[in-house]
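See below for the structure under consideration.
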Amino acid sequence: MNADIHLHLHQLHAAELRREAAATAPRPSGTTLRVQLGWRLVELGLRMATPAHRPVTLAA
């Protein structure tokens, strides 16, 4: 197969995959953003309340 044709086919396939991914990707809802913001605020509060020599790690 000619390299130019192979490259063109690859670009077409990649564009098709990007369109499919964009169409099926979950959109962040207000609830999801609220939950993420809430966890960020919890993390910030823990960092402010914890002494500097004790790092804070959250597993969510």
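The values are calculated or read from the model by the stated rules, or taken from the named source; none is laboratory data. The shown structure was predicted, so the numbers you read here are calculated from the model rather than taken from an experiment. Protein only, heavy atoms only, side chains kept; ligands, DNA and RNA dropped before computing areas. Shrake-Rupley method; radii C 1.70, N 1.55, O 1.52, S 1.80 Å.
Which residues, counting only those in the range 1-29, are over 29 Å from the mean Cα position of the chain (by Cα) and outside any helix (DSSP H, G or I)?
Correct list: Met1, Asn2.
Taking the condition of being open to solvent by less than 90 Å² (accessible area, probe 1.4 Å), acidic (Asp, Glu) and at pLDDT below 90, how many residues in the range 1-52 meet it?
Result for the range 1-52: 0.
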